[in-house]
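In what follows, a single structure is set out as structure tokens and then discussed.
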Amino acid sequence: MKHLQRTLPALVLLLGLFAATTALALEVGSTAPDFTLKSRSGENIKLSELRGEVVMVNFWASWCAPCRQEMPLLEELHDRYADLGFTLLGVNVEEDSNAALDLLKEIPVTFPILFDSRNDVSRLYNVVAMPTTVILDRDGAVRYVHKGYLPGYEDEYRKQIKELIRE
Amino acid sequence: MAPREEVAVAAAATDKRARFHWGLLAAGALGFCLPLTAAVLPEDRADALYHAYSGGGLEVNGPSYLARKQLGKYTSLFGNYYVDAISSASIDVVTTASQYTERREEKTLGGDFLYEKTLFNLSFTNSEESDFSARSAAFGISHSMFGDLTTVSLGYGQGWDTIRRRATTGSGTDPDFEKKADRQRYRLGLSQVLSKNALINLNYELVTDEGYLNNPYRSVRFLNGSGGYDYQSEVYPNTRTSHALGLKVLYYLPYRAAVHGEVRGFMDTWGINALIGEVGYVHPLGKDWTFEASYRYYTQSRADFYSDLFPRQDAQNYLARDKELSTYVSHGLGLGASYHFAQRGWGFIDKGSLNLKYNYMQFNYQDFRDLRVEGYTPGTEPLYSFSAHVLRLFISIWY
Amino acid sequence: MSRAPLSSLRRALLLATAAALLAGCSGIEPWVKPYERANLADPIMSFSRDPVADSYVNHVYEAREGARGAEGGGGGGCGCN
């Protein structure tokens, strides 16, 4: 009993750590930071020029297993809602784009792929997990941020996109 | 009492005693291993391994099958089936003692559960052979924090061993001999990302055993006063507590290769101190092949109650002549080659690999003597040494 | 004999807690961002690429040697999710 009394505080402290979470720096409701990145097709894409559409920005890398899982599901979303005022931007965060291009041969997608090889945009958007998905409304404001990907997230995305399209 | 007959009949084997650890150890190594990353479940995979050990007159080989599958979003289950087919004519089996054969079967079932950034794991293992059964359970928690740069892990395992003894006449085990040993393991681990290219891992483990910790077949020898030696049964303390602390480093080389190093220290209440050092190199060749090489150094100082030759009968309260408790140095060399196939997928398989790993181990004892040679005054026999070869041939598939 | 292991465990727990707490409240930012983990996510940067093969060789060592414990490894990886 005495041992338990002495060990308990340490155990409680240790367990308390598990409850701690990190704060999110990208504020929901604020205007999403603007950026210009080169896309796979060669042209530059500027975020602010997409105002009027619901935009989903997905940060991914070829070495990230959940990102690879998510890709075909993002393609489905793009397919379904692109004509209804929705745009999906796949931002690849790798310094060397070759691995990304190889993956895209295996998992082909039709939505624009942008290369953030200097990680300026990743820093700007305070990407703290891989993948990170940010959904912006038609006015360019940040509405939803998803950190990571677990099976089932795509249903959340669909609900949120439909909601923002109807606004 | 003719010492050699006693030893022969008992089919004493260093390996036998050592195998008493195996139940808990194997559970530990598989299910009890601190989880690899704390924010994702382990990958689904299946492995079929053929293992073979040959050294010092002992040969052990057999299969090990592992299958792991994710169920739902937060759970991953696994099972392992492992067999050792043992054939031994090791140094403790001196004259006409027949080589003995044995078969050990071990089964493990376990699961990993993910909750946010914490991974919980639980496993149960059962090991059976004709004169030894071991049951164990292990539990672990692993948590990622500080931007996933730090992973802290805790683990606890408990094992229950039942030790029997082969009957001296006929077959089966001696019905009057059944002993128990309980074991507990506590683990703490800290894994830290140092840079984009370096990882460090610190592990501490406390193991405590209680019960019948020696080998029912082994004996110690003592000078019998008439120029020769006689045998008596070994006597061990019925508790043992040990501490081990290890540090591992992994570093990524820019042309795509990795170098790793490990230093580990060990000490226990039996007086054994050990130091382990290992360095290794992993080199992928193109997309299809990966090669590796490693060197391992091990040095140990003997247990307090160990002696190759005691001065008289009942010289001490505790007596041991197990070479694994003696003073020795061991060198090991490892080589491995892996071929990655189905990299773009094939049916339900995402990728696969075919692997061959070979290890060579050399053991040089400093206070354990080779009694198989004749014509030496007791205590002046040549020191024993042996080398062993370990082979692992396995195929892995991810799905 | 049963007291000694628990007080070592208690000490170890307190140290681990202290270390973890210090990391949290020191105001130091993670110095490797999740999008910079390409090399760490490489399969060759794993402490244990093939658990079945590694557990077998650890078991050979534990059977032949007097030392046991602290062989494990973990952490690193892609840091995803």
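Scan the stretch B:92-115 for residues that are surrounded by fewer than 20 Cβ atoms within 10 Å (Cβ to Cβ), modelled with pLDDT of 80 or more and touching a Ser or Thr at 6+ places or on another chain (Cβ under 9 Å) and jot them down.
If the condition is that a residue be surrounded by fewer than 20 Cβ atoms within 10 Å (Cβ to Cβ), modelled with pLDDT of 80 or more and touching a Ser or Thr at 6+ places or on another chain (Cβ under 9 Å), then B:100, B:101, B:103, B:105, B:107, B:109, B:111, B:113 are the ones that fit.
Residue A:94 passes all but one of (1) in a helix (DSSP H, G or I); (2) over 11 Å from the mean Cα position of the chain (by Cα); which number fails?
It is condition (1) that residue A:94 fails.
Of all residues in the stretch B:220-256, count the ones that are in contact with a Leu (Cβ under 9 Å, 6 or more places away or on another chain) and of a type outside the set (A, V, I, L, M, F, W, C).
Total satisfying the criteria: 18.
Which one of these is among the β-branched types (Val, Ile, Thr) and touching a residue at least 24 places away in the same chain (Cβ under 8 Å): B:108, B:101? Spell out the reasoning first.
On the way: B:101 fails: touching a residue at least 24 places away in the same chain (Cβ under 8 Å).
That would be B:108, the only listed residue that is among the β-branched types (Val, Ile, Thr) and touching a residue at least 24 places away in the same chain (Cβ under 8 Å).
Give the residue, chosen from B:259, B:282, B:263, B:329, that is crowded, with 21+ Cβ neighbours inside 10 Å, of a type outside the set (Lys, Arg) and without any contact (Cβ under 8 Å) to a residue 60 or more places away in the chain. Outline the logic, then answer.
Details: B:259 fails: crowded, with 21+ Cβ neighbours inside 10 Å; B:263 fails: crowded, with 21+ Cβ neighbours inside 10 Å; B:329 fails: crowded, with 21+ Cβ neighbours inside 10 Å.
Going through B:259, B:282, B:263, B:329 in turn, just one is crowded, with 21+ Cβ neighbours inside 10 Å, of a type outside the set (Lys, Arg) and without any contact (Cβ under 8 Å) to a residue 60 or more places away in the chain: B:282.
Looking at the stretch B:50-75, I want the residues that are within 30 Å of residue B:114 (Cβ to Cβ) and have a partner that is of a type in the set (Val, Ile, Thr) and modelled with pLDDT under 95 with Cβ atoms under 8 Å, at least 6 apart or on another chain. Which pairs are those?
B:64/C:52; B:66/C:52
Scanning the stretch B:181-223 for residues that are acidic (Asp, Glu) and surrounded by fewer than 22 Cβ atoms within 10 Å (Cβ to Cβ), which turns out farthest from the other protein chains (Cβ to nearest Cβ)? Quick ask: steps written out before the conclusion?
First, the residues of the stretch B:181-223 that are acidic (Asp, Glu): B:182, B:205, B:209-210.
Next cut, surrounded by fewer than 22 Cβ atoms within 10 Å (Cβ to Cβ) only: B:182, B:210.
Working: B:182: 12, B:210: 8 Å.
The extreme case among them is B:182.
Let me confirm something: among B:295, B:252, which residue is farther than 23 Å from residue B:367 by Cβ, at pLDDT 95 or above and surrounded by 15 or more Cβ atoms within 10 Å (Cβ to Cβ)? Spell out the reasoning first.
Details: B:295 fails: surrounded by 15 or more Cβ atoms within 10 Å (Cβ to Cβ).
Only one candidate qualifies: B:252.
Out of A:118, A:123, A:68, which single residue is in a loop (DSSP other than H, G, I, E, B), within 28 Å of residue C:43 (Cα to Cα) and of a type in the set (Lys, Arg)? Please lay out each step first, then the result.
Values: A:123 fails: in a loop (DSSP other than H, G, I, E, B); A:68 fails: in a loop (DSSP other than H, G, I, E, B).
None of the other options fit; the residue is A:118.
Scan the stretch B:258-270 residue by residue and report those that are in a strand (DSSP E or B) and more than 7 Å from chain C (Cβ to nearest Cβ). Talk me through it step by step, then tell me what you get.
Within the stretch B:258-270, the subset in a strand (DSSP E or B) is B:258-268.
Result: B:259, B:260, B:261, B:262, B:263, B:265, B:267, B:268.
Could you tell me how many of the residues in the stretch B:332-350 are free of Cβ contacts under 8 Å to residues at least 24 places away in the same chain and surrounded by fewer than 13 Cβ atoms within 10 Å (Cβ to Cβ)?
Residues meeting the conditions: 3.
Return yes when residue B:253 is among the hydrophobic types (A, V, I, L, M, F, W, C) and over 30 Å from residue C:36 (Cβ atoms) and no when it is not. Please lay out each step first, then the result.
Working: among the hydrophobic types (A, V, I, L, M, F, W, C): yes; over 30 Å from residue C:36 (Cβ atoms): no.
No, not satisfied.
State which residue is farthest from the other protein chains (Cβ to nearest Cβ) when the search covers only the stretch A:136-146 and only residues that are touching a residue at least 24 places away in the same chain (Cβ under 8 Å) and not in a loop (DSSP other than H, G, I, E, B). Lay out the reasoning, then the answer.
We begin by selecting, within the stretch A:136-146, every residue touching a residue at least 24 places away in the same chain (Cβ under 8 Å); these are A:136-145.
Subset that is not in a loop (DSSP other than H, G, I, E, B): A:136, A:141-145.
Details: A:136: 20, A:141: 24, A:142: 19, A:143: 22, A:144: 17, A:145: 14 Å.
In this case the residue turns out to be A:141.
Output the residues belonging to the stretch B:117-132 that are assigned to a strand (DSSP E or B) and either more than 18 Å from the chain's Cα centre (by Cα) or of a type in the set (Gly, Ala, Ser) (or both). Step through it out loud before you land on a result.
Here is the first cut: in the stretch B:117-132, the residues assigned to a strand (DSSP E or B) are B:118-129, B:132.
Within the stretch B:117-132, B:118, B:119, B:120, B:121, B:122, B:123, B:127 qualify.
Any residue that is loosely packed, with under 14 Cβ neighbours inside 10 Å, assigned to a loop (DSSP other than H, G, I, E, B) and hydroxyl-bearing (Ser, Thr, Tyr) - is there at least one of those in the stretch B:301-319?
Checking the stretch B:301-319: not a single residue is loosely packed, with under 14 Cβ neighbours inside 10 Å, assigned to a loop (DSSP other than H, G, I, E, B) and hydroxyl-bearing (Ser, Thr, Tyr).
Go through (1) within 14 Å of another protein chain (Cβ to nearest Cβ); (2) in contact with a Pro (Cβ under 8 Å, 6 or more places away or on another chain) for residue B:318 and report which single condition fails.
(1)
Kindly provide the set of residues from the stretch A:71-86 that are buried (at least 19 other Cβ atoms within 10 Å of the Cβ) and either within 14 Å of chain C (Cβ to nearest Cβ) or not in a helix (DSSP H, G or I) (or both), ordered by number.
Selection gives A:71, A:86.
So which of B:226, B:233 is more than 9 Å from chain C (Cβ to nearest Cβ) and either closer than 19 Å to residue B:319 by Cα or touching a residue at least 60 places away in the same chain (Cβ under 8 Å) (or both)?
B:233
Where residues in the stretch A:117-131 are in contact (Cβ under 8 Å) with a residue 40 or more places away in the chain and out of contact with any helix residue (DSSP H, G or I) (no Cβ under 8 Å at 6 or more places or on another chain), which of them is nearest to residue B:147 (Cα to Cα)? Spell out the reasoning first.
To start, the set of residues in the stretch A:117-131 that are in contact (Cβ under 8 Å) with a residue 40 or more places away in the chain comprises A:120-122, A:124-128, A:130-131.
Checking the rest, the ones that are also out of contact with any helix residue (DSSP H, G or I) (no Cβ under 8 Å at 6 or more places or on another chain) come to A:120-121, A:124-126.
Values: A:120: 19, A:121: 18, A:124: 17, A:125: 15, A:126: 12 Å.
Per the stated criteria, the residue is A:126.
This table checks each residue for (1) in contact with a Lys or Arg (Cβ under 7 Å, 6 or more places away or on another chain); (2) under 24 Å from residue B:40 (Cα atoms).
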position	(1), (2)
A:89	no, no
A:92	no, yes
A:97	no, no
A:100	no, yes
A:108	no, no
A:117	no, no
A:124	no, no
A:136	yes, no
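Among the candidates A:92, A:98, which residue alone is closer than 17 Å to residue A:37 by Cβ and polar (S, T, N, Q)?
Working: A:98 fails: closer than 17 Å to residue A:37 by Cβ.
Matching residue, one of A:92, A:98: A:92.
Filtering the stretch C:12-68 down to residues that are modelled with pLDDT of 90 or more and acidic (Asp, Glu), which residue is nearest to residue B:82 (Cα to Cα)?
C:54
If you scan the stretch B:133-158, which residues turn out to be more than 21 Å from residue B:245 (Cα to Cα) and under 18 Å from the mean Cα position of the chain (by Cα)?
Listed by number, the residues that qualify are B:133, B:134, B:135, B:136, B:137.
Here's a check for you: in the stretch A:87-135, which residue that is farther than 22 Å from residue A:163 by Cβ and among the hydroxyl-bearing types (Ser, Thr, Tyr) is nearest to the other protein chains (Cβ to nearest Cβ)?
A:122
Sort through B:140, B:147 and tell me the only one that's of a type outside the set (S, T, N, Q), within 13 Å of another protein chain (Cβ to nearest Cβ) and buried (at least 21 other Cβ atoms within 10 Å of the Cβ). Spell out how you get there, then give the answer.
On the way: B:147 fails: buried (at least 21 other Cβ atoms within 10 Å of the Cβ).
Going through B:140, B:147 in turn, the sole match is B:140.
Go through the stretch B:271-286 and give me each residue that's assigned to a strand (DSSP E or B) and facing chain C (nearest Cβ under 8 Å). Don't jump to the end; show me each part of the working.
Pass one, the stretch B:271-286, residues assigned to a strand (DSSP E or B): B:273-285.
Selection gives B:274, B:276, B:282, B:284.
Run down B:169, B:162 and say which single residue is surrounded by fewer than 22 Cβ atoms within 10 Å (Cβ to Cβ), within 20 Å of the chain's Cα centre (by Cα) and over 26 Å from residue B:265 (Cβ atoms). Please lay out each step first, then the result.
Details: B:169 fails: within 20 Å of the chain's Cα centre (by Cα).
Only one candidate passes the filter, namely B:162.
The values are calculated or read from the model by the stated rules, or taken from the named source; none is laboratory data. Keep in mind it's a predicted model, so treat the numbers as computed, not measured. Glycine also receives a Cβ, built like all others from the backbone with ideal geometry; neighbour counts cover every protein chain displayed.
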